Amino acid sequence: MFIGVYNLANFVTLLGLASAVVACFSAGNNLLLAVCMFLLSGLCDMFDGRIARGAGSRTRKEKLFGIQIDTVCDMVSFGIAPIVIAYHCGFNHWYDMAIYIVYAACAAIRLAYFNTQAIEETPDLNMKAFTGVPVPFSCMVLPPLMILHALVDSRVAVNVIFDIVYLAVGIAFIINVKIKKLNIPQSIALIAFEAVCVVSMFLAFKK
């Protein structure tokens, strides 16, 4: 009745997309909620691949669809949502826009290159390492920036820091370096880091 492949892993991917959309809509009036929903999309991205690989045998078509839908959702979650959140922080000058465009373009290139590698270089479509910094890395970058935004009074200084970091992260997406996938202990450490950031953001925004 409907096109597409429907399984638990893809539903988790779509949950991440939904979380990112909510983050974009809520950024205008509730930055704390926006960042929390953004981090939820990162959490979904961390586990959807593991769920897919643990679900048993999949056809090549199912694997390809999983790669493609994950990439499309990642572009919204980690290529667009961080820009919308930064924009609603008040960093919306022409030079901010220029940096956001570079950031989004680099995220798109990174994601398209990942798909190309997976299809052309891996017979089983299972990448063992990344080329370039993965776009969900923005989940580690945005929360500390938001804490800085809440605590530092100088908007000019924070604006400059946001711009530098977004530009640096965008370039990191397309730099030609190999990065191994996170193992389980590293994933747990990342979740713990994000939990600490959420608590810190809550305290910072309540001041």
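Here, each number is a calculation from the coordinates, and none is a lab measurement. What you are looking at is a predicted structure, and each value in this text was computed from that prediction instead of being measured. Reconstructed Cβ throughout: ideal geometry from the backbone, glycine too, with neighbour counts over all protein chains shown.
When you check ARG50 against the structure, is it over 30 Å from ALA98 (Cβ atoms), outside any helix (DSSP H, G or I) and free of Cβ contacts under 8 Å to residues at least 60 places away in the same chain, yes or no?
no
Out of (1) surrounded by 18 or more Cβ atoms within 10 Å (Cβ to Cβ); (2) over 13 Å from ASP70 (Cβ atoms); (3) in contact (Cβ under 8 Å) with a residue 24 or more places away in the chain, what's the single condition that is false for SER26?
(3)
Restricted to the range 56-68, and to residues that are touching a helix residue (DSSP H, G or I) at 6+ places or on another chain (Cβ under 8 Å), in a helix (DSSP H, G or I) and without any contact (Cβ under 8 Å) to a residue 60 or more places away in the chain, which residue is surrounded by the most Cβ atoms within 10 Å (Cβ to Cβ)?
For the range 56-68, the residue satisfying everything is ILE67.
Could you list, ordered by first residue, the pairs with Cβ atoms under 6 Å in which the first is in the range 95-112 and basic (Lys, Arg) and the second is part of a helix (DSSP H, G or I), at least 6 apart or interchain?
ARG110/VAL135; ARG110/PHE173; ARG110/ILE174
Let's see how each residue does on (1) among the aliphatic types (A, V, I, L, M); (2) within 18 Å of the chain's Cα centre (by Cα); (3) loosely packed, with under 15 Cβ neighbours inside 10 Å; (4) under 30 Å from GLY54 (Cβ atoms):
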{"position": "ASP96", "(1), (2), (3), (4)": "no, no, no, no"}
{"position": "THR122", "(1), (2), (3), (4)": "no, no, yes, yes"}
{"position": "PRO143", "(1), (2), (3), (4)": "no, yes, no, yes"}
{"position": "ILE184", "(1), (2), (3), (4)": "yes, no, yes, yes"}
{"position": "SER187", "(1), (2), (3), (4)": "no, yes, no, yes"}
